[in-house]
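S.K.: Let me give you the structure first, and then I'll get to my questions.
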Amino acid sequence: MLTTRRVDAYHALTVVAPGIAERYRPGHFVSVAVGGPGTPMVTRRALAVHDVKPDYGGTVDFVIAVSGPGTAWLADRRARDTLDLVGPLGRAFPLPRDPVNCVLVGGEYGSATLFGLADVLLRRHCRVDFVLGAASADRVFGALRARRMGETATLTTEDGSLGLRGRVADVLPGVIADVRADVIYACGPMGMLRGVTAVGIEFDIPVQVAVEEAMACGIGVCMTCVLPVIGDDGVTRMVRACAEGPVFRGERVRFDDIGTIPFDALGAPGGGSARNVT
Amino acid sequence: MLTTRRVDAYHALTVVAPGIAERYRPGHFVSVAVGGPGTPMVTRRALAVHDVKPDYGGTVDFVIAVSGPGTAWLADRRARDTLDLVGPLGRAFPLPRDPVNCVLVGGEYGSATLFGLADVLLRRHCRVDFVLGAASADRVFGALRARRMGETATLTTEDGSLGLRGRVADVLPGVIADVRADVIYACGPMGMLRGVTAVGIEFDIPVQVAVEEAMACGIGVCMTCVLPVIGDDGVTRMVRACAEGPVFRGERVRFDDIGTIPFDALGAPGGGSARNVT
Amino acid sequence: MSPDGRSVDMSTYITHVELANPVITAAGCAGTGRELAPFFDLGRLGAHTTRSITMAPRAGRPTPRMTETPSGLLNAVGLPGPGIEVFLDRELPWLAQRSIRTIVSIGGGSVAEYTALARRLAGAPGVTAVEVNLACPNIEDRGRVFARDGAASAEVVASVRTVIPDDVPVVAKLSPDVTDIVTVAAACAQGGADALSMINNPLGMSIDTDTMRPALAAVSGGLSGPAVRPLAVRCVWQVYNALPLVPIIGVGGVTTGRDALEMILAGACAVAVGTALFHDPLAAVRILKELEELLAARGIHRLADAVGRAHRPPGSGSRHLEESSL
Amino acid sequence: MSPDGRSVDMSTYITHVELANPVITAAGCAGTGRELAPFFDLGRLGAHTTRSITMAPRAGRPTPRMTETPSGLLNAVGLPGPGIEVFLDRELPWLAQRSIRTIVSIGGGSVAEYTALARRLAGAPGVTAVEVNLACPNIEDRGRVFARDGAASAEVVASVRTVIPDDVPVVAKLSPDVTDIVTVAAACAQGGADALSMINNPLGMSIDTDTMRPALAAVSGGLSGPAVRPLAVRCVWQVYNALPLVPIIGVGGVTTGRDALEMILAGACAVAVGTALFHDPLAAVRILKELEELLAARGIHRLADAVGRAHRPPGSGSRHLEESSL
Ligand SMILES: Cc1cc2nc3c(=O)[nH]c(=O)nc-3n(C[C@H](O)[C@H](O)[C@H](O)COP(=O)(O)OP(=O)(O)OC[C@H]3O[C@@H](n4cnc5c(N)ncnc54)[C@H](O)[C@@H]3O)c2cc1C
Ligand SMILES: Cc1cc2nc3c(=O)[nH]c(=O)nc-3n(C[C@H](O)[C@H](O)[C@H](O)COP(=O)(O)OP(=O)(O)OC[C@H]3O[C@@H](n4cnc5c(N)ncnc54)[C@H](O)[C@@H]3O)c2cc1C
Ligand SMILES: Cc1cc2nc3c(=O)[nH]c(=O)nc-3n(C[C@H](O)[C@H](O)[C@H](O)COP(=O)(O)O)c2cc1C
Ligand SMILES: Cc1cc2nc3c(=O)[nH]c(=O)nc-3n(C[C@H](O)[C@H](O)[C@H](O)COP(=O)(O)O)c2cc1C
Ligand code: FES
Ligand code: FES
């Protein structure tokens, strides 16, 4: 590990990880072991890749919000400690072929994953506008950089301590209209993704969301990170956020049914959809 | 924690702990929590007090031999980390009233506990001679200091890499004769204590041994650290090394029966000694 | 004190016996009580539970008696102790003089032995409750542990209940190594247990890969500590669900106020602290303080309102039954 | 390679079926096999165990499906999967093409369902062994889990054994939540189980002290990881002691080569790695390497010589039976 520093409410870590840096595409995440040797924490923690840089053969940046013992341990690391990382993991954001207008919407530390995406979009001559929100000013991540990289950067806080008072979904319709958005990319809490997706549907603009589900393995073997997603065939399946995601088309995610097995999902109890077999 | 440094095969730690320093008497030990918050290691580790000094209101020195995950964690601590200590614990070495001739026998890091004792004995105008032994030169602890403090310091190593080849019990008879010893104090592995006690019995000199038994609590509540010791009434009881010890009169400890419940111990299975009740 | 400035009523009941608060020491983990006195006043706890007292003095098992496992401890201590006479003579009076609420744990090898122990305890001053440690081998059933058999457990409990005065609750302490803890719990309640304590240590084992022999002299031993907490919470939950009126002492891996609260939400009205005392002699008082703060922070002003609360569907509120509109 | 330069013969047998080495993946913890392919070649392991395959596709349980506990993991995943037809169509062939030794785990709600699953598997290419996951609720016995009842377990095993070809071993996977694991194990062996696998997850529970509700959507779940290893080692030890001729797959909290060796010394001839794969996708191959080194360092040249070794009194040596003077 190279450096560690505080950024408002978050901790930013830079790690030398050439293998990950090299294969990284925007939307990827990594998993990190926490607690050191003999740790009582048996699962890895998922972290979005914030940035990759070519220094030292390839470094990777993470932004961490302390929410429990694992993230607290990560926030406590000092320069030169080593970290056990696996990645890059997951399905990256699909990129437009043409130079379209993209609105990048981030909530809390979810914004972190958008800057690598913005880089690539800008290289493809897309227009990039940001909408970043959080509960309070110190939890809005990357406002400065968004202002620098984006054509515009609209900020919202629930307490009004920075930008507009409210949520990103409240201001999104205005932004979409102003910038004549072709596509929306969003990363943040589920509630926010649901709101952003609803706006996308209303305006008939595709939304790519990067979801966050509790993960134990990050590589697709534990089956704990599932959510109901409608497939190309119209059938709802419980799919893994880590392997099939974390990026999904927003309108395919059944946000209202997260935390349940929808009765019409493939293999739902009662066997109502057993007819969908094979 | 103040400092941490390597001393041959050992790690030496200095900790600011005024409460412990103040109440310390030679032979005392402390227990230390290992592994940090949420540690998977549920028991404390026992450590003999090596030295106490008045600096910073009172500091305590420990000497650590890495033998498992807990001592490895301790050896990894850096200056300014904090340690969770409980102590001083246990029964200290009984001290002679008169200025007698004392031989202090230490094995491996067991020597560490003898220097605080030597200090007090010297202040009481006792003659102090050291016999220190270990498997190899780098595991003999405190040779220099023993030479400085003691009238003589005899060193043994099993591989002959320092001092005489052999064990402390081999050279002890000669030392006893040379210095006309009145009492022996010993700390080190059980095998060594047994050997030293045998020599003491042979020469009819009292031996005070500080034993080392696997401990879970260090304060007398878990009952895991017991060994068979003969009481003043001649009855063998399974007594706690942490609460009744770690210092015992050597000839009272049934070294050959450690790891068993002697059939004639109070409350031994079969109830042979139930007559000893009340 | 809670954010609104009200303090939390921490008192709890084992049937009609009131404890000032729900945090108690677990059997066999707090010595005679004297050992903890240098660290804190045992009288600050809801109660102190003694190690399991036996008729005759017992030397216990050979060493090694313990080994660490991940987040756990395996022990095979073997109920060492001086026997009931010395206990009544020298240990109980020390506790009684200090008005320390004392739950006396008893262990025997036959119904007759438990009964004899109960008879010696009946009328002894300073016995707040009697806890029947059922995790003892039944010498009349080829060493099969009482706790593994509902009928045998109930027989012990019934016999002890007969002998102990009515105003002293009898608590049955259960082991999790059974196919169905609810059956055993129900049998004990049927047999007259006023309350249940769970869990005693599940049976575990560890092998030293260097010596290639069992790590404990006794080969297997009881597992305790945070590792077993999920088993304990599950047992408390299941039994509270089946027998909501029987008071439960939750035991197993409680190390923090959050752990204690978890047990209480699952249905325990008291929480015993065992292995955590080995790691931190002040654990029990720290847990009590943390628990009180957690309750206050949740706006819960009476411990009793938190008992079993995780069973209630979300949103069903915290109103007392007497205030309910039903 | 051992200090004397000899390499260790790591091969092991599940009855007559040879595995190149004793380290296998645990059911439900290694996906379809494909997910681990980016990390290592599954063919390097003794075998891969599938998740438990069911007749119909299953969506599994709602989320949250897991929560961490000290040195453990609670899960209530609920046997999600596409059902046996898709398994035979798309998952088994992928494994068979790569010559990955495959133990197919099956789960059902009735004897008939297990039998039907076995019938579909009989003759399918690439089935090294069939593991019967008995930790499923028996719909014909009010949802009582098969593994908790020796007779019900034996009935399932016997029926599967009848249908599966003789040269494919049938392994019964047992749960520790029973009063006497040896009784259940013996019943399964009697019923025709060629080998036993233990342990499946003991039932545990955790409550979120912030929401004051169960942490898992399914309320309770299975405990796994290092926390349960002492229970697993104890079960392996007890069953090996009672049934020394029945091969045992040791499962539960194996994270290092030392843990694997512990299982083997207790009596397991193979060791399955589950939760450790979540923490380290390379865990199984690392454990295999560490195990080989530990055996070599102890001068043990054949894995088979280490199986059950902790049962032998110290000093009884490591001589093979055929070299013994008896
Ligand atoms: C694809 C993805 C990217 C993420 N990127 C970031 C990031 O860049 N920065 C950041 O701070 N956090 C990120 N998270 C969330 C982060 O993984 C969790 O906050 C973290 O795992 C919580 O661990 P803990 O020990 O602090 O808390 P605990 O709640 O104690 O965690 C216990 C267990 O639950 C799992 N868990 C709990 N909450 C989450 C969650 N929200 N997501 C996944 N697993 C969870 C943990 O993996 C662990 O197994 C991301 C999550 C996902 C799924
Ligand atoms: C009175 C006393 C004084 C001691 N003084 C020192 C000292 O000054 N320096 C030093 O390096 N070591 C000392 N020891 C030994 C030290 O306590 C052990 O080496 C240490 O506990 C091992 O912990 P571990 O995690 O490294 O090893 P592990 O073997 O993994 O320990 C596992 C468990 O066994 C217990 N245990 C294992 N070996 C011992 C042992 N020998 N003594 C007590 N408990 C043990 C541990 O407390 C722990 O509960 C002393 C022991 C005693 C009883
Ligand atoms: C060293 C030790 C000794 C114990 N002795 C007894 C005992 O005498 N009687 C009893 O009923 N339980 C005994 N127990 C079990 C505890 O009371 C408790 O039920 C169990 O350890 C789980 O709680 P914990 O995880 O907080 O320790 C003992 C436990 C340990 C670790
Ligand atoms: C997420 C998860 C899913 C599991 N699925 C199955 C399963 O489908 N069939 C089965 O027999 N066991 C299943 N198990 C149990 C494991 O195979 C294993 O017996 C248990 O987890 C103990 O081993 P471990 O501690 O190495 O994980 C599962 C365990 C976990 C953690
Ligand atoms: S986190 Fe394990 S399958 Fe997604
Ligand atoms: S270490 Fe617990 S009684 Fe001695």
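S.K.: If you check every pair at least six apart or on different chains, which have Cβ atoms under 8 Å apart with a residue in segment A:57-75 that is assigned by TED's automatic domain parsing to the domain that holds A:D8 and on the phi > 0 side of the Ramachandran plot first and a residue that is more than 6 Å from ligand 1 (Cβ to nearest atom) and assigned to a strand (DSSP E or B) second?
M.R.: If the second residue must be more than 6 Å from ligand 1 (Cβ to nearest atom) and assigned to a strand (DSSP E or B), the pairs left are A:G57/A:V16; A:G58/A:V16; A:G58/A:V52.
S.K.: Here is a further query. What are the pairs, 6+ residues apart or on separate chains, where a residue within segment A:97-123 that is surrounded by fewer than 24 Cβ atoms within 10 Å (Cβ to Cβ) has its Cβ under 6 Å from a residue that is in a helix (DSSP H, G or I) and of a type outside the set (K, R)?
M.R.: Here the result reads A:N101/A:V179; A:A118/A:M149, each pair linking segment A:97-123 to a residue that is in a helix (DSSP H, G or I) and of a type outside the set (K, R).
S.K.: Could you tell me which residue of segment B:78-123 is farthest from ligand 2 (Cβ to nearest atom), considering only residues that are away from chain C (no Cβ under 14 Å) and charged (D, E, K, R)? Show your work before the answer.
M.R.: Going through segment B:78-123, the residues away from chain C (no Cβ under 14 Å) turn out to be B:78-82, B:92-123.
From the residues that got through so far, the ones that are charged (D, E, K, R) too are B:78, B:80-81, B:97-98, B:108, B:119, B:123.
Details: B:R78: 18, B:R80: 22, B:D81: 17, B:R97: 26, B:D98: 28, B:E108: 9, B:D119: 17, B:R123: 23 Å.
Looking at residues that are away from chain C (no Cβ under 14 Å) and charged (D, E, K, R), I get B:D98.
S.K.: Restrict the check to segment A:66-83 and report whether at least one residue is more than 16 Å from ligand 3 (Cβ to nearest atom), outside any loop (DSSP other than H, G, I, E, B) and touching a helix residue (DSSP H, G or I) at 6+ places or on another chain (Cβ under 7 Å). Can you show your working first?
M.R.: Keep residues of segment A:66-83 that are more than 16 Å from ligand 3 (Cβ to nearest atom), which gives A:66-83.
Right, trim to outside any loop (DSSP other than H, G, I, E, B) and you get A:69-75.
With touching a helix residue (DSSP H, G or I) at 6+ places or on another chain (Cβ under 7 Å) added as a condition, the list becomes none.
Scanning segment A:66-83, I find no residue that is more than 16 Å from ligand 3 (Cβ to nearest atom), outside any loop (DSSP other than H, G, I, E, B) and touching a helix residue (DSSP H, G or I) at 6+ places or on another chain (Cβ under 7 Å), so the answer is no.
S.K.: Between a residue in segment A:21-49 that is more than 19 Å from A:R77 (Cβ to Cβ) and any residue that is aromatic (F, W, Y) and away from ligand 6 (no atom under 16 Å from the Cβ), which pairs come within a Cβ distance under 8 Å, given they are 6 or more apart or on different chains?
M.R.: Here the result reads A:R25/A:F93; A:P26/A:F93; A:G27/A:F93; A:V42/D:F278, each pair linking segment A:21-49 to a residue that is aromatic (F, W, Y) and away from ligand 6 (no atom under 16 Å from the Cβ).
S.K.: Select, from C:A27, C:A47, C:A56, the only residue that is within 30 Å of D:V233 (Cβ to Cβ) and of a type in the set (A, V, I, L, M).
M.R.: Details: C:A47 fails: within 30 Å of D:V233 (Cβ to Cβ); C:A56 fails: within 30 Å of D:V233 (Cβ to Cβ).
Only one candidate qualifies: C:A27.
S.K.: Taking the stated definitions as given, is C:D208 of a type in the set (D, E, K, R), away from ligand 5 (no atom under 16 Å from the Cβ) and farther than 30 Å from D:T183 by Cβ?
M.R.: Details: of a type in the set (D, E, K, R): yes; away from ligand 5 (no atom under 16 Å from the Cβ): yes; farther than 30 Å from D:T183 by Cβ: no.
No, not satisfied.
S.K.: Quick one: how many residues across segment D:31-87 are outside any loop (DSSP other than H, G, I, E, B), closer than 27 Å to D:A218 by Cα and not charged (D, E, K, R)?
M.R.: Total satisfying the criteria: 13.
S.K.: Which of the residues belonging to segment B:168-204 are without any contact (Cβ under 8 Å) to a residue 60 or more places away in the chain and in contact with a strand residue (DSSP E or B) (Cβ under 6 Å, 6 or more places away or on another chain)? Don't jump to the end; show me each part of the working.
M.R.: The initial filter retains those residues of segment B:168-204 that are without any contact (Cβ under 8 Å) to a residue 60 or more places away in the chain, namely B:169-171, B:173-174, B:177-178, B:191, B:195, B:197-204.
Correct list: B:V171, B:T197, B:G200.
S.K.: Give the residue, chosen from D:M66, D:M10, that is within 14 Å of chain C (Cβ to nearest Cβ) and aliphatic (A, V, I, L, M).
M.R.: Numbers: D:M10 fails: within 14 Å of chain C (Cβ to nearest Cβ).
None of the other options fit; the residue is D:M66.
S.K.: Give just the number: which of (1) surrounded by 23 or more Cβ atoms within 10 Å (Cβ to Cβ); (2) within 16 Å of ligand 4 (Cβ to nearest atom) does A:E213 not satisfy?
M.R.: Failed condition: (1).
S.K.: Given (1) in contact with a Leu (Cβ under 7 Å, 6 or more places away or on another chain); (2) within 23 Å of C:A158 (Cβ to Cβ), identify the lone condition not met by C:N201.
M.R.: (2)
S.K.: Filter segment C:62-79 down to the residues that are of a type outside the set (V, I, T) and crowded, with 24+ Cβ neighbours inside 10 Å and list them by number. Break it down into steps so the answer makes sense when it comes.
M.R.: Going residue by residue through segment C:62-79, those that are of a type outside the set (V, I, T) are C:62, C:64-66, C:68, C:70-76, C:78-79.
C:R65, C:M66, C:P70, C:S71, C:G72, C:L73, C:L74, C:N75, C:A76, listed by residue number.
S.K.: Within segment C:155-175, work out how many residues are in contact with a Lys or Arg (Cβ under 8 Å, 6 or more places away or on another chain), more than 11 Å from C:G192 (Cα to Cα) and not polar (S, T, N, Q). Walk me through how you get there before you give the answer.
M.R.: Going through segment C:155-175, the residues in contact with a Lys or Arg (Cβ under 8 Å, 6 or more places away or on another chain) turn out to be C:163, C:170, C:175.
Retained after the next criterion (residues that are more than 11 Å from C:G192 (Cα to Cα)): C:163, C:175.
Those left that are additionally not polar (S, T, N, Q): C:163.
Total satisfying the criteria: 1.
S.K.: Of D:A172, D:A158, which residue is free of Cβ contacts under 8 Å to residues at least 60 places away in the same chain, over 13 Å from D:V239 (Cβ atoms) and in contact with a helix residue (DSSP H, G or I) (Cβ under 9 Å, 6 or more places away or on another chain)?
M.R.: Working: D:A172 fails: over 13 Å from D:V239 (Cβ atoms).
Testing whether each residue is free of Cβ contacts under 8 Å to residues at least 60 places away in the same chain, over 13 Å from D:V239 (Cβ atoms) and in contact with a helix residue (DSSP H, G or I) (Cβ under 9 Å, 6 or more places away or on another chain) leaves just D:A158.
S.K.: Cβ-Cβ below 9 Å, separation at least six or inter-chain, first residue in segment D:235-258 and at pLDDT below 95, second in a helix (DSSP H, G or I) and of a type outside the set (S, T, Y): which pairs?
M.R.: If the second residue must be in a helix (DSSP H, G or I) and of a type outside the set (S, T, Y), no pairs are left.
S.K.: Give me the pairs: first residue in segment D:76-89 and facing chain A (nearest Cβ under 8 Å), second residue in a strand (DSSP E or B) and within 15 Å of ligand 5 (Cβ to nearest atom), beta-carbon distance under 8 Å, and six or more apart or on different chains, which are they?
M.R.: So the pair list comes out as D:V77/D:M66; D:P80/A:V226; D:P80/A:M238.
S.K.: What about D:V285, is it surrounded by fewer than 24 Cβ atoms within 10 Å (Cβ to Cβ), more than 9 Å from chain C (Cβ to nearest Cβ), of a type in the set (A, V, I, L, M, F, W, C) and not in a strand (DSSP E or B)?
M.R.: Here the answer is yes, as D:V285 does meet what is asked.
S.K.: Further, regarding this structure: Just to check your reading of the model, which residue among A:E251, A:E244 is in contact with a helix residue (DSSP H, G or I) (Cβ under 7 Å, 6 or more places away or on another chain) and among the acidic types (D, E)? Explain how you work it out, then say what you get.
M.R.: Numbers: A:E244 fails: in contact with a helix residue (DSSP H, G or I) (Cβ under 7 Å, 6 or more places away or on another chain).
Of A:E251, A:E244, the one residue that is in contact with a helix residue (DSSP H, G or I) (Cβ under 7 Å, 6 or more places away or on another chain) and among the acidic types (D, E) is A:E251.
S.K.: Shifting gears a bit: Would you mind telling me which numbered condition in (1) surrounded by fewer than 16 Cβ atoms within 10 Å (Cβ to Cβ); (2) more than 16 Å from ligand 2 (Cβ to nearest atom); (3) in a loop (DSSP other than H, G, I, E, B) B:I261 fails?
M.R.: Answer for B:I261: the failing condition is (1).
S.K.: On to the next question. Take C:V239 and decide whether it is among the β-branched types (V, I, T), under 15 Å from the mean Cα position of the chain (by Cα) and surrounded by 24 or more Cβ atoms within 10 Å (Cβ to Cβ).
M.R.: Numbers: among the β-branched types (V, I, T): yes; under 15 Å from the mean Cα position of the chain (by Cα): yes; surrounded by 24 or more Cβ atoms within 10 Å (Cβ to Cβ): yes.
Judged against the criteria, C:V239 is a match.
S.K.: For the list (1) among the hydrophobic types (A, V, I, L, M, F, W, C); (2) surrounded by 24 or more Cβ atoms within 10 Å (Cβ to Cβ); (3) part of a loop (DSSP other than H, G, I, E, B), I need the number of the one condition that D:V246 fails.
M.R.: (2)
S.K.: Counting residues that are more than 14 Å from chain C (Cβ to nearest Cβ) and under 22 Å from D:A56 (Cβ atoms), which helices (runs of 4 or more DSSP H) fully inside segment D:106-222 reach at least 3? Walk me through it before giving the result.
M.R.: Numbers: elements: D:111-121, D:150-163, D:181-191.
Qualifying helices (runs of 4 or more DSSP H): D:111-121, D:150-163.
S.K.: Shifting gears a bit: Any residue in segment A:195-207 that is under 15 Å from the mean Cα position of the chain (by Cα), surrounded by fewer than 20 Cβ atoms within 10 Å (Cβ to Cβ), within 26 Å of A:L89 (Cα to Cα) and more than 16 Å from ligand 6 (Cβ to nearest atom)?
M.R.: Scanning segment A:195-207 turns up no residue that is under 15 Å from the mean Cα position of the chain (by Cα), surrounded by fewer than 20 Cβ atoms within 10 Å (Cβ to Cβ), within 26 Å of A:L89 (Cα to Cα) and more than 16 Å from ligand 6 (Cβ to nearest atom).
The values are calculated or read from the model by the stated rules, or taken from the named source; none is laboratory data. Just so it is clear, the structure is predicted and the values come from calculations on it, not from any experiment. As a convention, Cβ positions derive from the backbone with ideal geometry for all residues, glycine included, and neighbour counts pool all protein chains shown.
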